[in-house]
Amino acid sequence: MISARNIHKRYGDLDVLKGIDLDIEPGRVTTIVGPSGAGKTTLLLILGTLLAPESGGSLRYGDTDLLTLSDARLSAYRNRNIGFVFQAHRLLPEFSLVENVAMPALIAGRGRGEAFDEARRLLDSLGLGSREQHRPAELSGGECQRAAVARALINRPQVVFADEPSGSLDSHNRAELHSLFFRLRDELGATFVIVTHDDSLAADSDIKIRMADGRIASID
């Protein structure tokens, strides 16, 4: 589904990524692990088109090389095809939960009724139906992260990228969030690519990519 070739990233004299070749399979939970400074988050941001690599590489989603798109076309493609979940949920504090979840669909041009109906359906499926009118400050950390997952799924993306999504959660909420990823894989065929330091999530994932010193050390 995703094919990255010859991906390099440099900050000044520091080579962060040193020629990454990687394929992401659909309908799988893929984790990226490795020590701090290995290049995990940089790779995730490039795969998710939030960060540009050095010239000379390619990043194909199906038949489309995203590195050749204009900024406007890339933004539109990202909105419709890629979802994100970060360690901080990044829900907008002034909006209700259902408004937060519906927002990417509204940005994509879907009608208000359709966007809110889909947001409510997702929230209900994730056990948050009774909380849809609450603002983020009224919710637990685990509830906010489940809402962030719903927001990432609203446009039915090809892939959801997550960067340490359970890093700020306690053990109970962490386990619930990890179980949610696998349930969504099984029920929706969702594809997740997750940077994590959590050994249990990495062990349970379908594919584990280990990075070291800006390179892929192994794929299990």
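Laboratory data are not the source of any read-out in this text; all were calculated from the coordinates shown. None of these values were measured; they are calculated from a predicted model. Virtual Cβ from ideal backbone geometry, glycine too; neighbours counted across all protein chains shown.
Only one residue of Thr30, Thr49, Leu128 has its Cα farthest out toward the positive end of the dipole of the chain, where Lys and Arg carry +1 and Asp and Glu -1 on Cβ, and that residue is Thr49.
On a per residue basis, the convex hull of the C-alpha atoms belonging to the stretch 74-147 measures out at 91 Å³.
The charge dipole of the stretch 1-46, taken about its Cα centre with unit charges on the Cβ of Lys, Arg, Asp and Glu (plus for the first two, minus for the last two), comes to roughly 60 debye. Between Gly39, Gly167, Gly127, the GNM of the chain built on Cα springs shorter than 10 angstrom shows Gly127 fluctuating the most. Compactness of the chain, taken as the C-alpha radius of gyration over 2.2 N^0.38 Å, stands at 1.01. Considering only Gly19, Gly109, Gly142, the Gaussian network model of the chain with Cα springs below 10 Å gives its largest mean-square fluctuation to Gly109.
The calculated FRET efficiency for the pair Ala137 and Asp206, based on their C-beta separation and a Förster distance of 35 Å, comes to about 0.50. Seen from Gly83, the other residues with C-beta closer than 11 Å to its C-beta sum to a net charge of +4, counting Lys and Arg as +1 and Asp and Glu as -1. Sparse packing (at most 15 other Cβ atoms within 10 Å of the Cβ) combined with a DSSP loop state is found for the following GluC sites (Glu not before Pro) in the stretch 40-125: Glu54, Glu94. When +1 charges are put on Lys and Arg Cβ atoms and -1 charges on Asp and Glu Cβ atoms, the dipole computed for the chain relative to its Cα centre reaches about 400 debye. Eigen-decomposition of the gyration tensor built on the alpha-carbon atoms of the stretch 109-214 gives equivalent ellipsoid semi-axes of 26, 17, 12 angstrom, largest listed first. When you count the other C-beta atoms within 10 angstrom of each residue and take the mean per peptide, 3-9, 74-80 line up highest first as 3-9, 74-80.
Once the Cβ-Cβ distance of Asp124 and Ser70 is raised to the sixth power relative to R0 = 45 Å, the FRET efficiency obtained is 0.75. GNM, the chain, Cα, under 10 Å: largest mean-square fluctuation among Asp63, Asp186, Asp206? Taking springs between Cα atoms under 10 Å, the residue moving most is Asp63. Over 22 Å apart: what share of the alpha carbon pairs of the stretch 1-115 falls there, rounded to a whole percent? Cα-Cα pairs in the stretch 1-115 separated by more than 22 Å: 44 percent. With a Förster radius of 41 Å applied to the beta-carbon distance between Asn6 and Asp117, the computed FRET efficiency rounds to 0.45.
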